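No value in this document is a laboratory result; all are computed from the given coordinates. It should be emphasised that the depicted structure is a prediction, and the values quoted were computed from it without experimental measurement. Quick reminder, even Gly has a Cβ in these numbers, built from the backbone with ideal geometry, and neighbours come from all protein chains shown.
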């Protein structure tokens, strides 16, 4: 099983890949190039909230690579922000703001607009929404319901999840060339469209299904964050988060598509 573009969400039972390596945990891999892995390597491929960071042609190229890497009968699970759901939410909030004109309605409309457009247009890594989130400008409950963000400066600074912080510390200590690592981070490309922070495309279930079908995938179907053709899916908790011991969706308004490679 392979997890591509995993970031800090990975599991030891999987082979994990990301643009930045974590020694012993995550292998470095450039998803914009042909993947240096043999065909039919995996029976299940998972890629969450990574495809939207690639331009359209690179995204199609990556999906084609996934098809090559899947064994016959294997399944590919793609998770992306759902452009259809985001647009429907925007239209709903637009009408709500027209009707009520309240400050809360205005800020909810502003947030959903920014949620859609900020990552596509931002000129800095933080964009427009992060400073406003940290200042408490938006309605916390609404922000959580449509984005999964916890509107606090601690969470948005990526220090609220001890497990992730510990992983980063452990990974840094294991690096053989710590000075070079820090130098690369300090002088990293600041353009969010070049360093991977920006979104370069948006996907809806119809168009993404067309692309998957064109590549050769079959049995394409929408799932939820906690359902999958993989029987042990809930064990890994990749698309869910735990709040007060209750499972909830890590990224609301997401599209979950699974597609199969026909057995030969």
Practice item. Quote the relative contact order of the stretch 84-156 in percent (integer), defining contacts as alpha-carbon pairs under 8 Å separated by 6+ residues. Key: 24
Study note, to complete from the structure: Computed over the stretch 36-79, the relative contact order (Cα-Cα under 8 Å, seq sep at least six) in percent reads 63
Check your understanding: Ranked by Cβ crowding within 10 angstrom, fewest neighbours first, how are 50, 33, 234 ordered?
Key -> 33, 234, 50
Point to revise | Sites residue 100 and residue 222 - FRET efficiency at Förster radius 25 Å, r taken between beta-carbons, to 0.05 | key: 0.15
**Study point:** Pairwise centroid distance, computed over Cα atoms, of the stretch 1-60 with the stretch 67-86, Å
**Key:** 12
Point to revise | Calculated FRET efficiency for the pair residue 135/residue 191, C-beta based, R₀ 30 Å, to 0.05 | key: 0.75
Exercise for review: Consider all pairwise Cα distances in the stretch 84-156 and report the whole-number % of them above 16 Å.
Suggested key: 47
Exercise for review: Going by C-beta contacts inside 10 Å, put 235, 199, 11 in order with the fewest on the left.
Suggested key: 235, 11, 199
Check your understanding: Hey, fewest Cβ within 10 Å first, where do 107, 98, 20 land in order?
Key -> 98, 20, 107
